[in-house]
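Structure first, commentary second.
The values are calculated or read from the model by the stated rules, or taken from the named source; none is laboratory data. On a predicted model such as this, the values are computed, not experimentally measured, just so you know. Cβ placement follows ideal geometry from the backbone for every residue including glycine, while neighbour counts extend to all protein chains displayed.
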Amino acid sequence: MGQIIQTYSERKGELGQALLQHLQISTLSLLIAMLLAIPLAIWVVKHHKIAEVLLQVTGVLQTIPSLALLGLLIPLVGIGTVPAVIALVVYALLPIFQSTYLGLTEIDPALEEAADAFGMSRIKKLMKVELPLAMPTIISGIRTALVLIIGTATLAALIGAGGLGTFILLGIDRNNTSLILIGAVASGVLAIIMSTLIKWLEHASVKTAVSVLAVIIVLLGGGSAYNAYVNRTETVTIAGKLGSEPEILINMYKELIENDDQHVKVTLKPNFGKTTFLFNALRNNQIDIYPEFTGTVLETLAKKPQKTTGLTAKATYSKAKKVMLSQEDLALLRPMKYNNSYALAVKTQFKKEHHLQTISDLQNVQSILKGGMTLEFIDRGDGLKGIKKVYGLDFPVKSMEPALRYQAISKNRINIVDAYSTDSELRQYHLGILKDDQHMFPTYQGAPLMTAAFAKKHPKIVRSLNRLAGKVTEQEMQEMNYEVNVKDKTPAEVAHQYLVSHHLLKEAE
């Protein structure tokens with residue numbers, strides 16, 4: 001409990017921001033879903049066949065897995081808030097449409113006839129009789145949709161939309177239960193509060209309900225307008241992939257840029273998502289810079305297959321730089337020294353017992369291997385596919401989130417994992433890397449990636465970031481990751497310490 005309180009105290013500012021983002025995304029999605037579903041349900045009350053079709057369609061939409069839906073939306077609308085809101089609206093349509101339709105169709109026909117006898121017009125009957133009678137059922141559907149939205153909105157963090165999901169994802173990545181609990185509890189409390197507020201509207205008049213919704217819209221719009229006013233000066237947005245290492249790097253970028261030019265304001269978006277999310281965000285000008293790896297450019301981002309086997313670090317960078325410029329008009333700046341290569345790792349005790357030194361040695365223990373690897377590694381040509389092809393290995397592998405695979409091997413549920421050579425978990429869980437004796441893995445040196453237009457417009461920023469070229473060894477990077485993941489130091493603190501100790505930044509007096 002003490003750890004949770006301490007974590008909350010340290011991150012209450014971030015929690016407030018994440019809570020506001022979550023509230024904005026959820027409320028906006030709910031309002032849009034209501035504006036679509038309620039009028040549609042009112043219209044189809046007299047068209048039962050169409051209503052049945054729409055109920056089936058909205059039901060099918062709700063069965064689409066959220067991650068799959070986000071994946072389908074990204075190529076169409078990019079990443080960030082827009083695809084998150086669209087996905088949440090899709091999930092909210094069924095309960096709102098269904099409850100509105102049922103509420104209106106289950107009204108006592110005698111009351112309908114009485115309204116007609118009084119000579120009420122269609123609109124007046126709807127506002128004075130039908131909607132008030134159906135309101136409890138409609139509100140019930142809205143409450144269901146809201147709880148569904150708030151829970152599902154945690155996935156918005158995967159595509160850079162922020163919200164409370166950032167705490168949950170960060171907690172999973174760093175094996176920090178306090179962060180997971182804070183994110184989950186905050187999401188639950190938000191759902192309860194909002195659900196209670198909506199329940200209060202259950203017996204309110206239509207006019208009161210509309211007024212409350214209008215106030216919410218004004219507050220949301222006012223908040224967005226205020227944020228736009230506060231951030232009206234040009235800013236540079238730097239994003240990073242999931243994990244401690246990208247967050248350390250983007251904090252280094254921020255400090256160097258702002259130190260060299262006090263007129264530049266840098267906004268960081270840590271834990272923004274996986275490779276393709278950031279790449280699409282950069283191409284769509286949703287972010288300005290993110291750290292990428294030379295090997296990833298050739299293996300994942302290049303449209304045409306690229307030969308990487310046997311290339312030196314210098315040749316890999318040169319090729320990656322040319323590919324990005326010719327293919328996407330992107331500039332890949334000079335890389336750092338360390339090679340954050342993919343690797344296969346086993347427990348040091350397992351390695352010693354079975355006399356394992358290289359990946360080729362796994363042939364001797366293939367029958368007892370049980371793998372746990374990230375989905376990205378399993379699907380990559382320079383990952384498990386390449387391992388099977390080059391080394392002729394074939395053993396059962398389960399897909400796992402990065403942090404979970406390390407927990408699994410520590411508890412002996414699996415005995416081999418994919419890893420990065422700078423992972424702090426190698427030290428934390430006493431794991432040993434097997435030598436890539438067939439030189440299958442390409443070189444992975446980190447370097448800032450940006451559009452060529454941005455690089456041309458901001459030569460000072462390019463100079464600032466190039467100060468990291470050739471710096472940071474693998475041992476130094478692993479130690480920095482260890483300080484964040486195990487010693488609970490902040491990425492900003494660790495980044496600052498490195499820059500100061502290596503004379504890239506002067507200590508503030």
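Take the residues in the range 312-355 that are outside any helix (DSSP H, G or I) and aromatic (Phe, Trp, Tyr), then tell me which one is surrounded by the most Cβ atoms within 10 Å (Cβ to Cβ).
Within the range 312-355, the subset outside any helix (DSSP H, G or I) is 312, 329-347, 354-355.
Narrowing the set further to residues that are aromatic (Phe, Trp, Tyr) leaves 338, 342.
Working: Tyr338: 20, Tyr342: 24.
Among them, the one singled out is Tyr342.
Looking only at the range 290-308, how many residues end up being touching a Phe, Trp or Tyr at 6+ places or on another chain (Cβ under 9 Å) and part of a loop (DSSP other than H, G, I, E, B)?
1
Can you name every residue in the range 255-280 that is over 24 Å from Tyr420 (Cα atoms) and in contact (Cβ under 8 Å) with a residue 12 or more places away in the chain?
The initial filter retains those residues of the range 255-280 that are over 24 Å from Tyr420 (Cα atoms), namely 255-267.
Result: Glu255, Leu256, Ile257, Asn259, Asp260, Asp261, Val264, Lys265, Val266, Thr267.
Which of the helices (runs of 4 or more DSSP H) contained wholly in the range 1-101 include at least 3 residues that are more than 21 Å from Ala161 (Cα to Cα) and out of contact with any strand residue (DSSP E or B) (no Cβ under 6 Å at 6 or more places or on another chain)? Before the answer, list the steps.
Values: elements: 2-44, 48-62, 66-77.
Fully inside the range 1-101 and qualifying: 2-44, 48-62.
With the requirement that a residue be in a loop (DSSP other than H, G, I, E, B) and modelled with pLDDT of 95 or more, what does the range 356-392 give you? Steps first, please.
Pass one, the range 356-392, residues in a loop (DSSP other than H, G, I, E, B): 356-357, 359, 369-370, 374, 380-383, 392.
Hits for the range 356-392 are Leu356, Gln357, Ile359, Leu369, Lys370.
Yes or no: the range 223-234 includes at least one residue that is surrounded by 15 or more Cβ atoms within 10 Å (Cβ to Cβ) and either among the aliphatic types (A, V, I, L, M) or modelled with pLDDT under 85 (or both).
Taking the range 223-234 and keeping what is surrounded by 15 or more Cβ atoms within 10 Å (Cβ to Cβ), we get none.
There is no residue in the range 223-234 that is surrounded by 15 or more Cβ atoms within 10 Å (Cβ to Cβ) and either among the aliphatic types (A, V, I, L, M) or modelled with pLDDT under 85 (or both).
Kindly check whether there is at least one residue in the range 386-404 that is within 17 Å of Ser244 (Cα to Cα), among the polar types (S, T, N, Q) and outside the structural domain of Lys307 (by TED's automatic domain parsing). Spell out the reasoning first.
Step one: filter the range 386-404 for residues within 17 Å of Ser244 (Cα to Cα), giving 401-404.
Checking the rest, the ones that are also among the polar types (S, T, N, Q) come to none.
So far as the range 386-404 goes, no, none of its residues is within 17 Å of Ser244 (Cα to Cα), among the polar types (S, T, N, Q) and outside the structural domain of Lys307 (by TED's automatic domain parsing).
Identify all residues within the range 241-269 that are assigned to a loop (DSSP other than H, G, I, E, B) and surrounded by fewer than 21 Cβ atoms within 10 Å (Cβ to Cβ); write none if there are none.
The first filter runs over the range 241-269 and keeps only residues assigned to a loop (DSSP other than H, G, I, E, B), leaving 241-243, 261-264.
Matches in the range 241-269: Asp261, Gln262, His263, Val264.
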